[in-house]
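Below is one structure, written out as structure tokens; comments come after it.
Each value in this text was obtained by applying a stated rule to the coordinates, not by laboratory testing. What you see is a predicted model, and the numbers here were worked out from it, not measured in a lab. All Cβ positions, glycine included, derive from the backbone under ideal geometry; neighbour counts span all protein chains shown.
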Amino acid sequence: MPIKVGLISLGCSKNLVDSEVMLGILKEKEYIITNDARQADVLIINTCCFIDKAKEESIDAILSYGQFKEKYLCKLLIVAGCMAKRYKDELAREIPEVDCFIEPENIQNIEQAIRRFFLNEVGSAEQKEKGDKHNHPLPRLISTGKSTAYLKIADGCDNRCSYCVIPSIRGKYTSVPMEALIQEATMLAGRGIKELIIIAQDTTSYGIDLYGSYKLKELLNKLAQIDGLQWIRLMYCYPDKIDDELIEIIAGHDNICNYLDIPIQHINDEILARMNRSHDSQDIIRLFDKLREKISDVVIRTSLIVGFPGETHSQFDELCDFLKKYKINRVGAFTYSREESTPAANFNNQINQRTKQERLEKLMEIQREISYDINKDRLNKKEKVLIEGRRGADLFLGRSYAEAPEVDGVVFVKSTKELEVGQFVDVIFTEAYEYDMLGELI
């Protein structure tokens, strides 16, 4: 009888790609994929432990689905991803319901792990040897709809920010060979994918380990030539590696979105130095000014951390003033999470959670007003929108180039005409909200 597998994917888009690969491998091997965890013989929890909140979510999920071994049909509980790498021994000791751990570098061995368990092979379900998951595209079961997919161009990170655990979990920066990426992107386009979202811990470092120089620009030029890809969206770009040539490539291709995700984390120079970031405030300001000069309709997204150890009131105020002055289109903000084994965990002047939360709320209140003002400026303007679903009899859900999935707002589209998921339509904006827009079909 075929084995039914359910997978719960937690954390970031990079983790989601790993989940899709595991499901793709299992589907290719004729396992049955189910969305009903109660019907699954095997449950895989692909975990995240980037910050405290992610760890808590992962542990809660493990505990919750661990009960399915008694309540329902689950015979094998697998913990995959970053928690399996970072806390394997602790989880094995504290949560005996877990049968197997699959670390991020071993996801391609998921089928062997399940087969070993059900064949009662020596060594239980765990697959220890590393395999090759970068030199050729692995099967993927796309979970992001019929029109949008992520393309993970590298794993790991060499930047060594003082607050970040990623290098110790994901290892050194490892680029996927360009020919494998072009092959995967062509395959995705052939399956109807119209929006390709480029991700890695640092997309702008792509190629440095394989080719001895940065190759993101060459990769983008090649991706832009693939038939069917109408939007190519860049995420996780480091400010110090965005040069004039990269800006020209983005501006010069109609199917590369005028949208850049550039995590800066802070604007105060002392904080940036203690974070071990490779840029200072003037680098950021010059880059943002240049982007807006060269690409008039560019949308900039960034990530910020508040409450970093030693952050003074004046340093936090400097960050707020920067937001007010430079009016960043999209901002994701987080309170600093004290992660063991990182240099920042041992810094003096750790800030209490209440103060961190108050600063986060103040910052996001400023950003809500900025976002609303930016959206009001979009009123009565026309944009192309990708339809992703329906919200009512004459109301559809979509995004323009200015909205990345999951992290940004959405565009609601009024239309008495039937619209299909995956269809691009022209919309004129009629109402603005803090993060979302409402428009009518033209």
Global size of segment 1-69 as Cα Rg and Dmax, reported in angstrom: 12.5, 40
Members of Lys55/Lys381; Lys14/Lys194; Lys290/Lys382; Lys194/Lys217 lying beyond 31 Å, as alpha-carbon distances in this model show: Lys55/Lys381
DSSP-defined antiparallel bridges as percent of all bridges, the chain, nearest 5: 35 percent
Label-point gap, in nm, between Glu111 and Phe334 - each point 7 angstrom along Cα→Cβ: 3.4 nm
Met1-Phe424 pseudo-label distance in nm [points 7 Å out on the Cα-to-Cβ vector]: 4.8 nm
Out-of-range pairs (alpha-carbon distance over 30 Å; input Lys27/Lys241; Lys53/Lys362; Lys53/Lys327; Lys215/Lys324; Lys4/Lys384): Lys27/Lys241; Lys215/Lys324; Lys4/Lys384
Stretchable slack from Gln67 to Arg93, in nm (0.36 nm times residue separation minus alpha-carbon distance): 7.7 nm
Cα-based Rg of segment 313-442 normalised by 2.2 N^0.38 Å, two decimals: 1.37
Rounded to 5, the percent of DSSP beta bridges in segment 148-376 classed as antiparallel: 10 percent
Choice from Thr203, Thr174, Thr430 with maximal GNM fluctuation in the chain (Cα, 10 Å cutoff): Thr430
Helix-only [θ]222 nm of the chain, DSSP H runs n ≥ 4, -39500 (n - 2.57) each, per residue, nearest 500: -10000 deg cm²/dmol
Rough spin-label spacing in nm, given labels placed 7 Å along Cα→Cβ, for Lys376 and Lys75: 6.2 nm
